[in-house]
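Worksheet: one structure, shown below.
The values are calculated or read from the model by the stated rules, or taken from the named source; none is laboratory data. For clarity, every value in this text was computed on a predicted model and none was experimentally measured. Positions of Cβ are backbone-derived with ideal geometry, glycine not excepted, and every protein chain shown enters the neighbour counts.
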Amino acid sequence: MTDRRDFLASTTALTAAAVFPGLASAQSYPTHTIKYICPWPAGGSTDVVMRALAESAGKVFHQTVIVENKPGAGGMLGGIELVNAKPDGYTLAQIPVGAFRIPHMQKVQYDTLNDFTWIICLTGYTFGLVVREDSPIKNIRDLVAFAKANPAKFTYGTPGTGTSPHLAVEEFAQKAGIQLTHIPFKGNAQSLQAIMGDHVMGVSDSTGWGPMVDAGKLRLLATYGSKRTTRWPDVPTLNELGYDTVSDSPYGVCGPKGMDPRLVKIIHDGFKKTLDDPAVQKAFSQYDQPVIYLNTADYTKFAKDSFMSEKVMIERLGLAGKD
């Protein structure tokens, strides 16, 4: 009797696998290494955080999760790779909020709302503007005064054109009535080298500059959140200084379009568990990144809403591309 039950069970499983191959792949996932694409250079804040997430997720999945760096294109090279990847869960990526705005500025190789599966949002950046400690610019008031007296002479680096650190400064500059000169880099590792080498006067980016601020090598002029950070409570936000500029950038895990919902749930649940890992929490704390959890449905809605709101901002700033 037992042999017959076992035979029937195995036959049923084989039949289900034949009729519903997606179900079989979801049930066995993962069977080999998962690639998690970081669209920023190695050594930067995103890279460090994503490696902590990958190591933690690897323990959950009992498989290796490797981080592959693909910097460039305003953080969208990972997204471009997803467009052509199999929807089998073995190629994942961080897709930054540039995906919601760059298509309104120029032609791109992806469809933000149809080419990706928004699996889970995990965290987000704190952004700020820094200068060298020996800079004569001590605060935002000094910067505005300098820029009005020297139009376009203040140069600042960012992780790329159309990124949140770029557009936040452009919005601030527009409201302050000043002209600044933007210098795009591939990530904060490069821009920090540039400011320390005196090649740019400032850097607008996520908190990869944090250790250098704490060490007294850089001066933090302002952050861009809706409230001051707990790490630098004496530093004002652009918003409270009267420039009506708030910028953050939630991110997590995305996959190609067409993923089996059962597979999406497995990946979502696995990465959600990483939020309880002390090593992940330590990486978040290192770069002043809060937990920003959104499940698949909410993250998908966030993507749709952000795509439309970013269009409005791009048009307001006069940065919309022409057909």
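Of the residues making up the range 109-133, those that are touching a Pro at 6+ places or on another chain (Cβ under 9 Å) and either of a type in the set (Ser, Thr, Tyr) or closer than 14 Å to ASP205 by Cα (or both) are TYR110, THR112, THR117, THR123, GLY124, TYR125, THR126, PHE127, GLY128, LEU129.
Scanning the range 264-299 for residues that are among the aliphatic types (A, V, I, L, M) and either closer than 18 Å to ARG231 by Cβ or under 17 Å from the mean Cα position of the chain (by Cα) (or both) gives LEU275, VAL280, ALA283, VAL291, ILE292, LEU294.
Filtered by the rule that a residue be in contact with a helix residue (DSSP H, G or I) (Cβ under 7 Å, 6 or more places away or on another chain) and outside any loop (DSSP other than H, G, I, E, B), the range 82-91 gives a lone residue, THR91. Taken together, the residues in the range 68-89 that are over 17 Å from ASP115 (Cβ atoms) and out of contact with any Asp or Glu (no Cβ under 7 Å at 6 or more places or on another chain) amount to 3. The residue that is surrounded by the most Cβ atoms within 10 Å (Cβ to Cβ), counting only those in the range 45-72 that are under 17 Å from GLN289 (Cα atoms) and touching a strand residue (DSSP E or B) at 6+ places or on another chain (Cβ under 8 Å), is THR46.
Across the range 210-220, which residue is surrounded by the most Cβ atoms within 10 Å (Cβ to Cβ) among those that are at pLDDT 95 or above and out of contact with any Lys or Arg (no Cβ under 8 Å at 6 or more places or on another chain)?
If we take residues in the range 210-220 being at pLDDT 95 or above and out of contact with any Lys or Arg (no Cβ under 8 Å at 6 or more places or on another chain), then LEU220 is surrounded by the most Cβ atoms within 10 Å (Cβ to Cβ).
Across the range 93-131, the number of residues qualifying as assigned to a helix (DSSP H, G or I) and not aromatic (Phe, Trp, Tyr) comes to 7. In the range 300-323, the residue that is nearest to LYS265 (Cα to Cα) out of those that are without any contact (Cβ under 8 Å) to a residue 40 or more places away in the chain and among the hydrophobic types (A, V, I, L, M, F, W, C) is MET308.
Kindly check whether there is at least one residue in the range 211-219 that is under 29 Å from PHE302 (Cα atoms) and either assigned to a loop (DSSP other than H, G, I, E, B) or not polar (S, T, N, Q) (or both).
Taking the range 211-219 first, the residues under 29 Å from PHE302 (Cα atoms) are none.
Checked the range 211-219: no residue is under 29 Å from PHE302 (Cα atoms) and either assigned to a loop (DSSP other than H, G, I, E, B) or not polar (S, T, N, Q) (or both).
Per-residue answers, yes or no, for (1) more than 26 Å from GLY128 (Cα to Cα); (2) touching a strand residue (DSSP E or B) at 6+ places or on another chain (Cβ under 7 Å); (3) buried (at least 17 other Cβ atoms within 10 Å of the Cβ); (4) aliphatic (A, V, I, L, M):
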| site | (1), (2), (3), (4) |
| --- | --- |
| GLU240 | no, no, no, no |
| PRO250 | no, yes, yes, no |
| ASP260 | yes, no, yes, no |
| LYS265 | yes, no, no, no |
| LYS273 | yes, no, no, no |
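One line per residue, one yes/no per condition, for (1) at positive phi; (2) without any contact (Cβ under 8 Å) to a residue 40 or more places away in the chain:
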site: THR161; (1), (2): no, no
site: PRO165; (1), (2): no, no
site: GLY177; (1), (2): yes, yes
site: LEU180; (1), (2): no, yes
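Of GLY252, GLY242, GLY208, GLY258, all but one fail to be part of a helix (DSSP H, G or I), small (Gly, Ala, Ser) and in contact with a Ser or Thr (Cβ under 8 Å, 6 or more places away or on another chain); the exception is GLY208.
So, VAL213, is that one in the same structural domain as LEU294 (by TED's automatic domain parsing), in contact with a helix residue (DSSP H, G or I) (Cβ under 9 Å, 6 or more places away or on another chain) and under 30 Å from VAL280 (Cα atoms) or not? No; evaluated as a whole, the condition is false for this residue.
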